[in-house]
1. Kindly indicate whether GLU119 is of a type in the set (Asp, Glu), modelled with pLDDT of 95 or more and farther than 30 Å from CYS67 by Cα.
2. Which residues, counting only those in the stretch 27-57, are among the aliphatic types (A, V, I, L, M) and touching a strand residue (DSSP E or B) at 6+ places or on another chain (Cβ under 6 Å)?
3. Condition check: touching a residue at least 40 places away in the same chain (Cβ under 8 Å) and either under 18 Å from THR6 (Cβ atoms) or exposed (fewer than 15 other Cβ atoms within 10 Å of the Cβ) (or both). Does ALA106 satisfy that?
4. Go through GLU178, GLU191 for me and flag whichever is in a helix (DSSP H, G or I), surrounded by 15 or more Cβ atoms within 10 Å (Cβ to Cβ) and of a type in the set (Asp, Glu).
5. Given the residues ALA83, ALA89, ALA124, ALA99, which is the only one that is of a type in the set (A, V, I, L, M, F, W, C) and free of Cβ contacts under 8 Å to residues at least 40 places away in the same chain?
6. Looking at the stretch 52-68, I want the residues that are on the phi < 0 side of the Ramachandran plot and have a partner that is among the aromatic types (Phe, Trp, Tyr) and not in a loop (DSSP other than H, G, I, E, B) with Cβ atoms under 7 Å, at least 6 apart or on another chain. Which pairs are those?
7. With respect to the numbered conditions (1) touching a Leu at 6+ places or on another chain (Cβ under 6 Å); (2) farther than 22 Å from TYR158 by Cα, which one is the sole condition not fulfilled by LEU25?
8. Quick check: is even one residue across the stretch 7-28 modelled with pLDDT of 95 or more, farther than 20 Å from CYS179 by Cα and over 17 Å from the mean Cα position of the chain (by Cα)?
Amino acid sequence: MKYLLTLVEGQGDVAAVPVLLRKMLKARACYDWQPGPPLRVGELPKLRQNLRRTAEALRIKMRAGECHAVLVLLDLDDGCPRAEALALAAEFATFGLPAPVAVVLAHREYEEWLVASLETIAPATHLLPSATRRDYPAETKRGVKEWLTRQMPAGFIYRETMHQEEFSQNLDAALARECRSFRRLESALAELLTPALTPGWTSPRAGA
């Protein structure tokens, strides 16, 4: 068994991201990989501040056979996800880790992928009217969590730690592909599952 380790931002991601990745791995009939327990690293600036420490912790896990690939999955409220991902991947590359690292930045929030899949999520929960759909262009809105709260019955509040995992269970990849950053997640996962990758390999790469 190979382990895919994820670096995530918040506590809700710790629970939700393995659910999402297991769905994606199953869809690819990839049963020799398993998502390991995510490491919570905070927002992008915080990860950058602690990058050396994080890289060394990953190196230890890789050498112990507890990590065979790394997926960095964070939100990016502002800026260009590709440019920021390229920069962070280049920073990881300087450490020469013995397993591949891929960087994906959800634009603007992980919840954008959930909103894209409301057609399958809303009917499966009592927290949203079944007909709830996005009323704005994909990946253009700040405050997606607040938008979800406004779709809920009075008195309910969308909370990552309570709802992100539940909603992710019913996410449909075909619908989430409306979001460019979700398509990037799919390509990053495909890259990480490639059988033979050289040590220190990172993605995305300039020109890739």
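1. In short, yes.
2. Hits for the stretch 27-57 are LEU39, VAL41, LEU44.
3. yes
4. Going through GLU178, GLU191 in turn, just one is in a helix (DSSP H, G or I), surrounded by 15 or more Cβ atoms within 10 Å (Cβ to Cβ) and of a type in the set (Asp, Glu): GLU191.
5. Sole residue among the options that is of a type in the set (A, V, I, L, M, F, W, C) and free of Cβ contacts under 8 Å to residues at least 40 places away in the same chain: ALA83.
6. Listed by first residue and then by second, the contacts come to ALA55/PHE92; GLU66/TYR3; CYS67/TYR3; HIS68/TYR3.
7. Evaluating LEU25 over (1) touching a Leu at 6+ places or on another chain (Cβ under 6 Å); (2) farther than 22 Å from TYR158 by Cα leaves (1) as the failure.
8. No, the stretch 7-28 contains no residue that is modelled with pLDDT of 95 or more, farther than 20 Å from CYS179 by Cα and over 17 Å from the mean Cα position of the chain (by Cα).
The values are calculated or read from the model by the stated rules, or taken from the named source; none is laboratory data. Here the structure is a predicted model, which means the values were calculated and not measured. Heads up, the Cβs are rebuilt from the backbone with ideal geometry, glycines too, and the neighbour counts pull from every protein chain shown.
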